[in-house]
Structure formats: C-alpha cells, structure tokens
1. Hey, could you check segment 153-186 for residues that are of a type in the set (Val, Ile, Thr) and over 22 Å from Ala123 (Cα atoms) and say which is farthest from the chain's Cα centre (by Cα)?
2. Checking Phe66 against (1) surrounded by 17 or more Cβ atoms within 10 Å (Cβ to Cβ); (2) free of Cβ contacts under 8 Å to residues at least 60 places away in the same chain; (3) assigned by TED's automatic domain parsing to the domain that holds Ile85, only one condition comes out false. Which one?
3. Take Leu19 and tell me if it is modelled with pLDDT of 95 or more, buried (at least 19 other Cβ atoms within 10 Å of the Cβ) and among the aliphatic types (A, V, I, L, M).
4. Give the residue, chosen from Arg136, Arg182, Arg155, that is basic (Lys, Arg) and closer than 30 Å to Arg23 by Cα.
5. Among Ser76, Ser69, Ser86, which is modelled with pLDDT of 95 or more and more than 22 Å from the chain's Cα centre (by Cα)?
6. Of all residues in segment 8-45 being over 21 Å from the mean Cα position of the chain (by Cα) and assigned to a loop (DSSP other than H, G, I, E, B), which is nearest to Ala109 (Cα to Cα)?
Amino acid sequence: MTRWEPNARGRLEQAALDLFGERGFEQTTVEDIATRAGLTKRTFFRHYTDKREVLFGAGAEFQQVFVDSLAGAPPSATPLEAVAISLQAGGEMLEGRRDFARRRQRVIAANPELRERELVKLASVAAALTEGLQERGVGEPAASLTAETAMAVFRVGFERWLADGETRSLPELLRESVDALRAVAA
C-alpha cells in the first residue's frame, strides 16, 4: 500500500456502500471497509469517526447549506418562500448524488438505529431553520411550524426523487412539493 492514495474518502464511501449492500450494516467492520478500499484502518479514521459517518458525514455541510440559503433569502420573502429557497439549495447540493442517496437510503431503511439517526439529523436541520427564521423576525409558533413543515416537504420530495424510474431533478420535485403544500394550505 502506498503512503498516499488519491480519493481515499470516495473509495471508502464506495467500499462501505458495497459492503453494507452485500453483508448488511451490522456485519460490516471498519477493517472490512478499509481493506475493500485498499486502505488502512488508520486512513479510514482520518476521514470518519466510525462506519455510521460514511452515511452521515455530510450532515453538517447539508445543514449549513440550508442555514446559509435561508439567511440569504430576500428580506421580503415570507417564511414559506424563505424555506423554499433553502429546500432548493439542499436539493441542488444532492442532485448529482442520486445513486449514492438510493444506496444510502436502502442501508438506513434496513437498520432501526440508522433510521433514528437520520431523524435526529433532520431534526437538527429543522432546529437550525427555526433559529434562522426567528433571526428573520418570525415569531413562534410560526418559525417552528414552518421549519418542521420544510423538513416534511424535503422528505416527501427526497423519497420521490429516489423512487425507481424517477428522472426529474430533486430541486424540481421539491418545488412541486412546496406547490402542493401551498395548494393544501390555500
């Protein structure tokens, strides 16, 4: 093994998803992942704290995209318009990763601990959006309701995006979901 390997993080991610699919999450070890990637356990731990982080490692970046885009929404935007801008930014971040997202969701769906962690990560995004809305002057309970609704809209659009045969973009599906919410609320 060479001292430096290009794209170690991507190779570890690919190896982990392959092994999780073949053996299951619980039966796959960090050593298995590193070996499949042609790397060492030490290299694995330079990139991830544990094997779950292969699936959730981008969570902080994902949340920051939502927060930054909300902060950048025009001051005149309604709370729903502002979170719709955040949803679009989140969708754009994930757009080129549909295959990874599909494989990731299959692993998460098969493991109750991972499903719980996914919900916690989404709840963290909702809390950050609530705080961002409050900073924009949106009071309670409107800030919390808007943020939680945004996460529900995201989940619905995301699940549609992952569906077999779906070819539309995630941002497009998120726009449709926001439009459906507006129609229901009207």
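The values are calculated or read from the model by the stated rules, or taken from the named source; none is laboratory data. Computed from a predicted model, the values in this text were never measured in an experiment. Note: ideal-geometry Cβ built from the backbone for every residue, glycine included; neighbour counts use all protein chains shown.
1. Val184
2. Against the list (1) surrounded by 17 or more Cβ atoms within 10 Å (Cβ to Cβ); (2) free of Cβ contacts under 8 Å to residues at least 60 places away in the same chain; (3) assigned by TED's automatic domain parsing to the domain that holds Ile85, Phe66 comes up short only on (2).
3. Numbers: modelled with pLDDT of 95 or more: yes; buried (at least 19 other Cβ atoms within 10 Å of the Cβ): yes; among the aliphatic types (A, V, I, L, M): yes.
Here the answer is yes, as Leu19 does meet what is asked.
4. Working: Arg136 fails: closer than 30 Å to Arg23 by Cα; Arg182 fails: closer than 30 Å to Arg23 by Cα.
It is Arg155.
5. Numbers: Ser69 fails: more than 22 Å from the chain's Cα centre (by Cα); Ser86 fails: more than 22 Å from the chain's Cα centre (by Cα).
Ser76 is the lone residue from the list that is modelled with pLDDT of 95 or more and more than 22 Å from the chain's Cα centre (by Cα).
6. Glu26
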